[in-house]
Every structure is written in structure tokens, then in C-alpha cells.
Amino acid sequence: MHITPLSGSRAEIGEAHGRAHGERITQSLAVYDRLFQDFVGMDWSRARRVAERFLPMIERGFPAILEEMDGIARGASLDFADILTLNCRSEISLTQASGGCSAFALARDHTQWLAQNWDWRSDQLHNVVALEISGDDAPTLFSIGEAGMVAKIGMNEHGLGVCLNAIRSRTCGAGLPIHVALRKILECRDLDDAVAVARHDRVCSPAHFLIAQGDGRALGLEVQPGEPGVLLPENGLVTHTNHLYAGDGAQRVADFPRADSRSRLARLDALLGALKDDALPHQGAIGERELFALLADHHGAPLSLCRHFNPDQPAEERMETLFSVVMDLTQRRLTLRHGKPCESDESLTVQFGDEPGVDSGQTRQGNEQ
């Protein structure tokens, strides 16, 4: 996989995105057409009508991103309504479908790490894209996500990063759609501004955003239309899977997690707790290789951190790990493995230069260090 550079105005960024990944975007529309029908009994034309209800919310909270969505549509020779629907896919489908993503923030040896597996339907594997977005009016950022969507998981030139855990819930109210909110967070200069997106703009359906910055700060936000639940680090760790447990703002939201969410969280806590235990001997510094090995864990398979195809599961629960990402926010470096982290150590690494806005977007392909 290679990173696609996008730059200029919102419209120029969108058009370049659409031109570069038009085929993948069209394939994504087909994937979600099937998903909407399978999970919520809704065809694409009806999904487009449902997505219209989110347009005023975006116009109020992040109007500039609509120019980019319009550009994506032009570049890919699609309708704006198609791109809007794609970017609201979580709000349309998460009443029934939730992924199996596992995420963590780890502060160790003066380094702030942020990492996760992204688990979803296998038919989206080849529609994953890596984008470097350098806008005229926002910090440069790296986003790993689905073609045609404005953002998902990533980091920016200020060492601010965000991961995502899906939450299955019937709650949907006023606020920004999940993926639009993620992009707004990736355009923030520091963690306080990122938290303000969740607290002031709000997010119209529940999710968990794990946010950290290279200065060692991290927290989890269980976002929703109301006040988000907050998870603060314990001994430098924040972990999350696909259920709500912060116990404050989000406690009023009903979620319906898959059975494996709590066991995966317990496994994450055990593995990462061992890394943080100062009484245990450590063989050298922790780096990308060790954290990818953790994400490749198969304890409890098939419902493990690293997910593989399981024909014994109902079709709607057959989630697989489609990519893994490890971010060293202190060094402003992101490393991606496309596919399951257990199957290859080939990776794409992108890193910002020494100063924000200077020599950004360096890339290399190969084995992580």
C-alpha cells in the first residue's frame, strides 16, 4: 500500500481523492449497499434519503468538509448524496452492525503510543486507503480509512492522534457524524481542542474515540449526542474495545456489544499491563514490532484481538482484522500493516519532519523497526 498525497483547497483535496480512488469508492458504495440491506433492510436509495438528515448537522458543525465531500463526488464521477451517505454509514448501520476493533494508548519510556486493529467486513479490505492531507486551512494529517470517507484513524503534524472503536447502539441524535467528527479532531492542534469537538459539537451516534498527543497526554471519549464519557489513563494506559464502560456521561446510552468485547478488553489489559509492570524484566525498548506482535495475539481465537474469518459465526458477525496501525506520537510516526498483523511484517511508515509543517510526509516501505 502507498500513501496518496492530497493538497490545496477543500475542493481540490476532494477532487484529487475522488480521482485517485474512484474505483475503490464505487466498490465501497456496493459494499455498503449490501450491508445496509443485510443489517437494516434498507436499499441504497433509501439510505441516501436517511443521510440527508445529517446534512444540517454538518452544515452547523463543520461546513467546510462539505466542500471536500462535493469534490470527492466530482473526482469519482458520483453524486454528492453518495459520498454523504458513505460518510454517514455508521449512523445508518450501527444499530445492528459493530466491528471488533481493539485500541490502546500506552505511555512508556517517554514515548506516547497509540494503536489499534480495525476489524470489519472482509469485502472492504481492498478499499482501505492511506491519505496524506495538506489543506490550505488546516494542519497536515495522515488518515487510514475507507476510500471516499473524509477520515478514520490517524495523526497530524502536531503529534495528535485518534483511534476508533465502534459501539452498537440505537441512539442517534444531534451532532456530527462519527467520521466527520474524526476528521475535525485530526485538524485540531492539541488535545484540548480535540476534546472540545466531542463536548461542544457532539457526535450524533455513540462511538469511542481514543485520543492522545506526543507530549504524553491521552484519554478515551465515549462520544454520543450528550456529554461524552471520559476514560483517563491508569498507569499510562487507556484500553477500549466495543462496549461502553466509562460510567459517566455515556452511562445513559444503551449499547449492545458482541460477546467477545469484554474478553478482548481483558486480554488487552493483561498484555499491556505486563509491559507497564516495572517489576518485570524488559528485553530492550518497546517499539512498533512489539506492539504489532501484541495486536497479532490469538488468545481466545476466533474471537481474539487478531480476527480471522470464522464460518461458524452468523454472517453479520464475521468481522476480520483489515489493518493494524501503531503510532509513535512523540516522534510523529505512523506505521500501518494492511491486512492481519500476524500474516506479514511488511509495513508502510509515514513520519513528519522535526518541526510542524516542515519536511512532512516522509514515507518508507518495508519492515518496521
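The values are calculated or read from the model by the stated rules, or taken from the named source; none is laboratory data. Everything quoted here is computed from the prediction, not taken from an experiment. Because the Cβ atoms are built from the backbone with ideal geometry, glycine has one as well, and the counts that use them run over all protein chains shown. Ligands, DNA and RNA are excluded from the accessible area calculation, which covers all protein heavy atoms including side chains. Shrake-Rupley method; radii C 1.70, N 1.55, O 1.52, S 1.80 Å.
Summing +1 for each Lys or Arg and -1 for each Asp or Glu among the other residues whose beta-carbon sits under 12 angstrom from that of Leu66 gives -1.
About its Cα centre, the dipole of the chain is roughly 880 debye, where the only charges are +1 on Lys and Arg Cβ and -1 on Asp and Glu Cβ. Between Pro56, Pro206, Pro225, the residue with the greatest mean-square fluctuation in the GNM of the chain (Cα pairs under 10 Å linked by springs) is Pro56.
Taking every protein chain into account, the accessible area of the stretch 33-106 amounts to 36 square angstrom per residue (probe 1.4 Å). Listed values for the stretch 255-261 are Karplus-derived 3J(HN,Hα) couplings in whole Hz (6.51 cos²θ - 1.76 cosθ + 1.60, θ = phi - 60°), namely 10, 9, x, 5, 4, 8, 4, and x replaces Gly and Pro.
Carbon-plus-sulfur accessible fraction, the chain (probe radius 1.4 Å, protein heavy atoms only): 47%. Take each peptide in 31-44, 188-201, 159-172, count the other Cβ atoms within 10 Å of every residue, and average; sorted highest first, the result is 159-172, 188-201, 31-44.
Near Ala181: Cβ cut-off under 12 Å, other residues only, Lys/Arg at +1 and Asp/Glu at -1. The net charge is +2. Which of the three applies to the stretch 1-82, rounded, prolate or oblate, going by the alpha-carbon gyration tensor with a ≥ b ≥ c and a/c under 1.5 meaning rounded? Taking the square roots of the gyration eigenvalues as a ≥ b ≥ c, the stretch 1-82 is oblate.
In the chain, Cα pairs under 8 Å separated by at least six residues give a relative contact order of 17 percent.
Residues considered: Gln331, Gln351, Gln224. Largest GNM mean-square fluctuation over the chain, using C-alpha springs under 10 Å, is found at Gln331. Taking packing as the residue-averaged number of other Cβ atoms within 10 angstrom, the listed peptides 231-244, 256-269, 109-122, 301-314 run from highest to lowest as 109-122, 231-244, 256-269, 301-314. According to the Kirkwood relation over distinct C-alpha pairs, the hydrodynamic radius of the chain is 20.1 Å.
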